[in-house]
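What follows draws every value from the coordinates through simple rules; no lab data is involved. For clarity, every value in this text was computed on a predicted model and none was experimentally measured. Using ideal geometry, Cβ is built from the backbone for each residue, glycine included, and neighbour counts are taken over all protein chains shown.
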Amino acid sequence: MKRFDYVRPSSIAEAVSAAALPGSAILGAGTNLLDMMKIGSAQPERLVDITRLPGLDGIDWLPDGSVEIGALVRNADLAYDERFARRFPSVAEALLSGASPQLRNAATAGGNVMQHTRCAYFHDLSSACNRRSPGSGCDALNGENRLHAVLGWSEHCIATHPSDFCVPLVALDAVVEIEGHKGRRELALEALHLLPGNTPEVESALMPGELIVALRLPAEAADFASHTRYLKLRERTSYAFAVVSAAAALVVDAGVVQSARLALGGVAAKPWRARRAEDALTGKPASPEAFAEAARLALADAKPSGHNAFKIELARRIVVRALTEAATGTPERTIPLPGSVFTTQAGSNHVA
Amino acid sequence: MSLDAAGNVALPRFGSNAGQPLSRRDGVLKVTGRATYAADNHPNGMLYAVPAVSTIARGRVLALDVAAAKAHPGVVEVMTPDNKPPLAHDPDEKLGRFGLRIEALQDNTVRYVHQPIAVVVADTLEAATEGARLLAPRYEVEDARTGPDNGMRFDAQTVALGSPPRAAHGDLEAGFAAAAHLVESDYETPAQYHNAMEPHAVVASWDGDHLTIDMPNQALAISASAYATYFGIPVENVVLRSPFLGGGFGSKAILNGPQLLGMMAARMLKRPVKLVLTRAQMYGPVGHRGATWQRLRLGVDGGGRLTALHHHSLSATSSFEDFLEPAANASQGLYASPAIVSEHTGLRLDIGTPGPMRAPGEASGSAALESAMDEAAYACGMDPLDFRLANYADTEPGSGKPYSSKALRECYAEGAKRFGWSGRPMEPRQMRDDNGFLVGWGMGTALFGCPQFPASARATLRANGTALVETAGADMGQGAWTALAQIAAESLGLDMDKVEFHSGLSTLPDGGVAGGSGHTGSAGMALRNASHEAIRQLADSATADARSPLFGAGNVGVVARDGRLHRRDDESRSESYADILQRAGRADMVGKADAARDPEDAKRHAMYSHGAVFAEVKVDPDLGQVRVSRMVGAFAAGRIINPKLVRSQYFGGMIWGASFALLEEAVTDRRTGRIMNADLAEYHVAVNADIPEMEAILIPEEDPHVNALGVKGVGEVGITGTVGAIANAVWHATGRRVRRFPIRIEDLI
C-alpha cells in the first residue's frame, strides 16, 4: 500500500493540528479505514492515531440527565452498558445489530459515525465516483444499485450511509461534540452527514482538522425508553448492512401518541429523520392507520435511483413494523438477535 | 435400522477403529494456531510477490509504468510478459485433466477482470502491493461480454473436465405426447465463488532445478507433475507440501495462473518467493461455479409418473476455455422416466474460467430439478414426497444398471419421520407460527456419484509394534488426517495411537485427488491394500518360522488384531507384530500397494450416494425476509468410517445449500464485467445465525461393489437436494415460486 506517516498525538490539541494537515486521516479502531487503505479507496498521507488520547473512552452521565459518549467508546461496551441500554434501548439494539461481535468489540462510537458508504463504485478505483473523485461521474447510477438510495440522492451520487447506530441517534436528537482549531463546537448529528447534491465529495459538515470527541444524547431521549425499537432488514442474519432499517420511539399515553420520533437507515446518504411523519403521529391514536400514514409521509419524497423501487415499499413496511413494535413496548430483556424482524414480538421464537 | 435413545440411527460397528466417531487428529493443532498453512512458511531470504490484476474484462494492456514500480523502495523486480522466464509448456494449452488453459503473462491480452497482468516482487508485502498499484496500466478496452444477451453461444463439445455434453435415452416427444401434465420452467443460478477461508497461496523455493512449493492443494501428484512440465524438470525434482488446507471446495484441485507465477518469480530471482492472493483477486483466476440458465420440461402421466424429462442448461464459461457447469446431468441417474435428455449449450463470456465447485453441476442442476419436481407434484395434486416415490428408480434410468446400493427409500422414510412431514398441507400459504410468520415445508432428493481415483500407499510395520502409513492425501478440513488413519489402523489390526500417518506431501505415494467426494474411498483403498500387504509379509514370516506359535498356520490363515497375529482356527495361538519382526531380524516390513476400482464392478453397477433433505422456512409476510428454521437430511453413503466427520460433511453441505438458496451471488456490473461484491462483507455466505438446528441422519447402507471398503462419498451430496428443498419451502410458505437464485427479499414482497 501507499506509504504514510503515522502519528500518535498525546493531546486533543496535537491531534487537531495533525489532522488539519492535508492528507491526514484520523485512525480509531480502523475497522473501516484500514480495509479501505488495503483496497486503495483511502490513500491517506498520514494516520493520526487517536486511540491513546485520554478521556475519550468514557460514558459520562451529566447532571442534567444527558449522557456523553466518548468518541473512543467501543460499540460493544456501549451496547452492553446496562444503564445506557435501559435508557436508550433502541440505540443498544442498533449497535448490536451492526457488523459482527468481533468488529463491535473494536469499532468506536466516533468511527461508526464517520464510516464511509459501502457503495461498491466508491470502493472500486476503476469506477467513476463523484464522492471519491469529484467530477468523474457516478457509475452506480446505471449500475448494480439495488441497495442504493431512494431518498435525498442526486444524479451525482446515490450512495447510502451504512450505520445502524446513527439511525436511533438521529431520531433521539443526538449531538456531536467537535474539537477544532477554533475550539469546541456542537452540531446536531442530523446535520453532520450531508446529502450529495452537487458536492457528494463533501461527506460531512466537519472542517479539516476537526475531531469528534463525543456524542451526546439529551435527557429527553430517555423519555422514549419504554416504547422504542430499531428494526433492520438484512439479507443475512449477522454481519450484513441494512437493506432498510427504522428507529421508532414513542411516548404513548392512554393509547394516544404524545410524542414520536422516526428515522430510517439504508435509504439515503445520511440517517433519515422523518419529521413530517413524527408530526402527523403526534396526538393520534397509536393505530395501524396512523402508522401507515406515517410510513406514507416518511417515504413521500422517495424515488428509485435504479433497480431499487422495492426498497421504497420495504421502507414503508419497516416503518409500520417499527412503530407497531415500539407501541407494543420495548422488550424487558435484550432479544436474541437485536434488530431482527424475526424477534420483534414478545415471546417470539428465535428462528435463525 | 433402529434408533437409540438419543434418536441416532444405530450404526453397525466395523472393527476396532473404523466406524468410531473420533475427533480430528489435527484439531488441537488447528484451534491453537499451530497447524502450518502454506503462507505460514518463511524461508530465509524470502521475497513477497503481488500480482497486478486487470480491471477490464477484455482488451489489451498497452502500457505499464514499470519504472515507477521499480523506483518504489523495496521493490526488487517487476515480472511482465516482456521479461518473464520461459516456460516449457504453453499456458494456452491444456495440461492433463485438471490443467486448464491459464494466464501466466504469456502476452498482453486481457480476457477477464482480475487476470494477472504483471507480478511485483519486493522485500515486503506492502512494497510489492504499492509497486503493483504504481504500474497504473493503460488499456485498449473492448466491450465486455457479460450475459446471455451479448455472450457467444456455442455447441458444447464437453462439460466440466471433459465429460460428454449430452446424455439421452428414450423418446422425449413421445413421452411429452403421452403426458397428462406438462411442467416447463426456467431457472437461473448466478456465478458463485468458493471463498475458501484460506486464500490461494504459494511459497516457492528453487535450488538449481529443484523446486519446493508450499501450497494448499487437493491433487498433489497431478499438480507436482504439472509444475514439472511447466518448468521442464523431472517430476522427482518437485516437492509439493500441503499438510493443511483452509478449505478447497474444488478451487485448489485445478491449476491456476497466480500460483505458477509465484514459482516463476522465484526462479527468475533465485530467491524464495511468497505469493498470496487477496480475497478480491480470488474472484477471477482460481475458478468459480459458473452461472447457468436452465430449462426443465417434465411430462407426467395421470398417475404421477414421469413420461419425459428434458433438462437443458446454458452454462457460462470463459472466452478461452470450455469448463461448463454440467447442470443438466443432475437429471440423469435419479428419477425413473422412459425418456430423459440432459444437454448443454455453452455461453462464452469475458470471465475467468469456471471450475469445479463443491458438487459441480449437481448443485445447480439439483436446485432446478428439485424445484421442477415440486412444481410437477403440485400440478398432479400429489405430495412432493409421494411424487418422488412414484418416480423412484429401482435401476439406473437409461442404462438399466442396478445400483451398487441404494437406501434412498430409507432416507425418505426416516427423514420424513424425523421432520414430521406427514402433516404437510398440500396448498401453499397454509401455515403460520405463533408470531404470524408464514411457514413452509419443502423437500428435495440428494444424489452424488461415487468416483474412485487411482491411488497408492505404503504401510510400514516397525519393530516396536507401531506402524507408519503414508499416502499423499489432502485434508481440506474434511478430516482425511483422521478417517484415512482409521482405515489404515483397522487394516493393520492396530489401535489408532500405534499408527503414525504421513500425508500432504507430493513425494509420498500418490493419494489421488481430494475431490469428487472420492478421497476416503480412493486413498482409503490404497492404505487398506498396502496395510494388508504388510500384514501378509508378517504372516509369511511367522507361519514359516518354526519358533513362532503361528508356525504352520499358513493354510488356515491368521487374523490381525490388536497388534498380534492370531491363528484363525485357534485364537489362543498368537504372536505380536514386534516379536515376529524382532525374531526375523527385521527393522520393519513395508507393504506397498495401489488401488483402483474394479472395471467390472464399474461396468455392472450404477454408483451413487443418496439422501433426502427436508427444510422448513419462515417468511415475514410483510417484509419478505426468509430464514431457514429447520433442516433434516437423511443420507445413505455406504459404510461410514467416522460418523462425527461425516455428520460434519452433511451439515456443511446443507449449510452450503442454504447459502446457495438464499444468499450467494457474485454481482457483476454488466457494462464492465467487474464483480462489485468481491469481498466477504458483501458476497454473502451464510453465517452461524442463519443456520438453524440441523439434523443429519446416517442411514446404514452396505455396498459390496463400490469398493472393498464399501465407502461411498459424503462431501458433496449434502448440497444437492437442499437448495431445492429450501426453494420449495419458500413456495409452500408464500405461494411464490422463485426460479432465480438466490431468492431475494424483493421476490417475496
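The table for this structure:
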quantity	calculated
20 °C / 1.002 mPa s Stokes-Einstein diffusion coefficient of the protein assembly as shown, Kirkwood radius on C-alpha pairs, µm²/s	68 µm²/s
Note, ³J(HN,Hα) from phi for segment A:155-172, Karplus 6.51, -1.76, 1.60, rounded to Hz, x at Gly and Pro	5, 8, 6, 10, 6, 10, 8, x, 5, 7, 3, 5, 5, x, 4, 5, 4, 9
Cβ-Cβ FRET estimate between B:Asp209 and A:Ser10, R0 fixed at 56 Å, reported to 0.05	0.45
Unsatisfied cross-links (Cα-Cα over 32 Å) in the set A:Lys2/B:Lys274; A:Lys38/A:Lys270; B:Lys252/B:Lys618; B:Lys30/B:Lys712; A:Lys232/A:Lys284	B:Lys252/B:Lys618
Residues with amide H under 5 Å from that of A:Ala240, placed H, sequence gap 5 or more	A:Ala99
Distance between modelled label sites at B:Leu62 and B:Ser576, nm, 7 Å Cα→Cβ extension	7.9 nm
Computed over segment B:455-596, Kirkwood Rh from alpha-carbon pairs, angstrom	15.0 Å
Local electrostatic count at B:Glu370 - Lys and Arg +1, Asp and Glu -1, tallied over other residues with Cβ under 14 Å	0
Which of A:Glu14, A:Glu210, B:Glu236, A:Glu235 has the fewest Cβ neighbours within 10 Å, and the rest in rising order	B:Glu236, A:Glu14, A:Glu235, A:Glu210
Residues in segment B:263-288 reached by a label modelled at A:Ala106 [backbone nitrogen below 18 Å; 7 Å Cα→Cβ]	B:278-280
Share of pairwise Cα separations in chain A, more than 38 Å, in percent	13 percent
Paired Rg and Dmax values of chain B, which use every Cα atom, in angstrom	27.1, 85
Chain B: relative contact order in percent, alpha carbon pairs under 8 Å with at least 6 residues between	16 percent
Mean Cα-pair separation over length for chain A, i.e. relative contact order, pairs under 8 Å, 6 or more apart, %	17 percent
Kirkwood Rh, Cα atoms: Rg over Rh of segment A:222-330	0.97
Residues in segment A:41-62 that a label on A:Arg86 would reach, taking backbone N under 17 Å of a point 7 Å out along Cα→Cβ	A:59-62
Selection from B:Thr466, B:Ser422, A:Leu250, by position along the positive dipole direction of the protein assembly as shown (Cβ)	B:Thr466
Separation in nanometres of the label points that stand 7 Å from Cα toward Cβ, at A:Asp173 and B:Arg279	4.0 nm
Viscosity 1.002 mPa s, temperature 20 °C, Stokes-Einstein D of segment A:5-52 from Kirkwood C-alpha radius, µm²/s	200 µm²/s
Global geometry of segment A:25-137, whether rounded, prolate or oblate, following the gyration tensor of its Cα atoms and the 1.5 cut on a/c	prolate
Sites B:Asp594 and B:Leu680, calculated FRET efficiency, Cβ-Cβ separation with R0 51 Å, nearest 0.05	0.80
